[in-house]
1. Name every residue in the range 14-38 that is within 20 Å of Arg332 (Cα to Cα) and either away from the ligand (no atom under 15 Å from the Cβ) or in a helix (DSSP H, G or I) (or both), in order of residue number.
2. Among Thr55, Thr29, which is open to solvent by 60 Å² or more (accessible area, probe 1.4 Å) and either at pLDDT 95 or above or of a type in the set (A, V, I, L, M, F, W, C) (or both)?
3. Residue under question is Phe134, and the condition is that it be among the aromatic types (Phe, Trp, Tyr) and more than 16 Å from the ligand (Cβ to nearest atom); does it hold?
4. Tell me the residue from Glu179, Glu193, Glu197 that is charged (D, E, K, R), closer than 23 Å to Ala289 by Cα and within 19 Å of the chain's Cα centre (by Cα), please.
5. With the requirement that a residue be outside any loop (DSSP other than H, G, I, E, B) and open to solvent by 10 Å² or more (accessible area, probe 1.4 Å), what does the range 153-178 give you?
6. Residue under question is Ala43, and the condition is that it be touching a residue at least 12 places away in the same chain (Cβ under 8 Å), in contact with a helix residue (DSSP H, G or I) (Cβ under 7 Å, 6 or more places away or on another chain) and loosely packed, with under 14 Cβ neighbours inside 10 Å; does it hold?
7. Identify all residues within the range 202-251 that are part of a helix (DSSP H, G or I), open to solvent by less than 60 Å² (accessible area, probe 1.4 Å) and in contact with a His (Cβ under 9 Å, 6 or more places away or on another chain); write none if there are none.
8. Only one of Ala322, Ala295, Ala313, Ala327 is away from the ligand (no atom under 16 Å from the Cβ), open to solvent by less than 30 Å² (accessible area, probe 1.4 Å) and either among the polar types (S, T, N, Q) or part of a helix (DSSP H, G or I) (or both). Can you tell me which?
Amino acid sequence: MNPHPLIETARTLVAGDRGLLAMDESTPTCNKRFAAFGIAQTAEMRRAYRDMIVTTPGLSESISGAILYDETIRQRTHAGLPFAVALQQVGIVPGIKVDNGARPLAAFDGEVVTEGLDGLRERLAEYAGMGARFAKWRAVIRIDAGRPTPGCLLANAHALARYATLCQEAGLVPIVEPEVLMDGGHTLERCREVTEETLGIVFAQLVALRVRLEGMLLKPNMVLPGKDCPDQSDTETIAAATVECFLRSVPAAVPGIAFLSGGQTAELASTRLNAMNARYRSRLPWSLAFSYARAIQQPALETWRGIDANVPAAQQQLAHRAACNRAARAGRYDAGTDAPLQT
Ligand code: 13P
């Protein structure tokens, strides 16, 4: 018997050694990244940038799925194809970010909840009609004194579960993204504690709201010390803490875990994913993959700078980062040369 289409899509996204490319920055976030390089912040420049990404030669060798933003899924490539169709044509599954961003959580000073459930059923049907096969919703969890609170975790986990069941009803694979931020001076141990608590509540809500775990993917943070923590742990410690945390928290029915990069450098995001797969891959019930935005795009954006003549060089950068992360899934990334290991 063939598996349910949702299960098939979820498995396809993490099959082999490929991974996901997040190119779903909201307009304000994309504009902020453009502004840092003096790139004009217009709909056409955002279109041209995404065009450069999806027409990168050989991208589908390393990328199984790409997450689009609402503006992009309604735009066309230079060749006149809707972005979702252009991705499908090269063998990349199109996905779509469907949350409306994080807003202050009433009664919880300094904490946020992700919004976007109103009208979501109708939006999902529209995106499915445009060719999207999976979706993404990001919850944002900040570590601080006394935070996150159980109330904040519950509100965010409940929203993730509501979103996930609506996706599955619409035939889209939900990517469930509870991101514990790297911001702050907290230790690795504190991140592990908060990530474990977060995932515990998230999976309790997913099960309570009848999400089919086999037809979803998890997109979490790695277990890392905060950016301002004086003790920046080594790769082995991070890999061991992250794997241990997920073994305790993520049911084996989930086909894959695709990490976000969260502000790590491109090289560190590859190095740490590589270490986890090199040491533990054969012992894990799910795949450990990637769903990076900055850690794949940043070098290409720096090279592109909004100039047409830079497109081939930027595409080379993008293809290189994608190939490094593909190698990291197989435990074959060489941090010394920042390249896939040659046999
Ligand atoms: P980063 O890899 O830049 O953290 O982005 C991943 C993402 O999609 C955040 O929602």
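The values are calculated or read from the model by the stated rules, or taken from the named source; none is laboratory data. Because the structure is a prediction, the values reported are computed rather than measured. Using ideal geometry, Cβ is built from the backbone for each residue, glycine included, and neighbour counts are taken over all protein chains shown. Note: areas computed on protein heavy atoms with side chains; ligands, DNA, RNA excluded. Shrake-Rupley method; radii C 1.70, N 1.55, O 1.52, S 1.80 Å.
1. Here is the first cut: in the range 14-38, the ones within 20 Å of Arg332 (Cα to Cα) are 14-21.
Result: Val14, Ala15, Gly16, Asp17, Arg18.
2. Working: Thr29 fails: open to solvent by 60 Å² or more (accessible area, probe 1.4 Å).
On inspection, the qualifying residue turns out to be Thr55.
3. Values: among the aromatic types (Phe, Trp, Tyr): yes; more than 16 Å from the ligand (Cβ to nearest atom): no.
No, not satisfied.
4. Working: Glu193 fails: within 19 Å of the chain's Cα centre (by Cα); Glu197 fails: within 19 Å of the chain's Cα centre (by Cα).
Sole residue among the options that is charged (D, E, K, R), closer than 23 Å to Ala289 by Cα and within 19 Å of the chain's Cα centre (by Cα): Glu179.
5. First, pick out the residues of the range 153-178 that are outside any loop (DSSP other than H, G, I, E, B): 153-169, 173-178.
Matches in the range 153-178: Leu154, Ala155, His158, Arg162, Thr165, Leu166, Gln168, Glu169.
6. Working: touching a residue at least 12 places away in the same chain (Cβ under 8 Å): yes; in contact with a helix residue (DSSP H, G or I) (Cβ under 7 Å, 6 or more places away or on another chain): yes; loosely packed, with under 14 Cβ neighbours inside 10 Å: yes.
Criteria met by Ala43.
7. Gln205, Gly215
8. Details: Ala322 fails: away from the ligand (no atom under 16 Å from the Cβ); Ala295 fails: away from the ligand (no atom under 16 Å from the Cβ); Ala313 fails: open to solvent by less than 30 Å² (accessible area, probe 1.4 Å).
Matching residue, one of Ala322, Ala295, Ala313, Ala327: Ala327.
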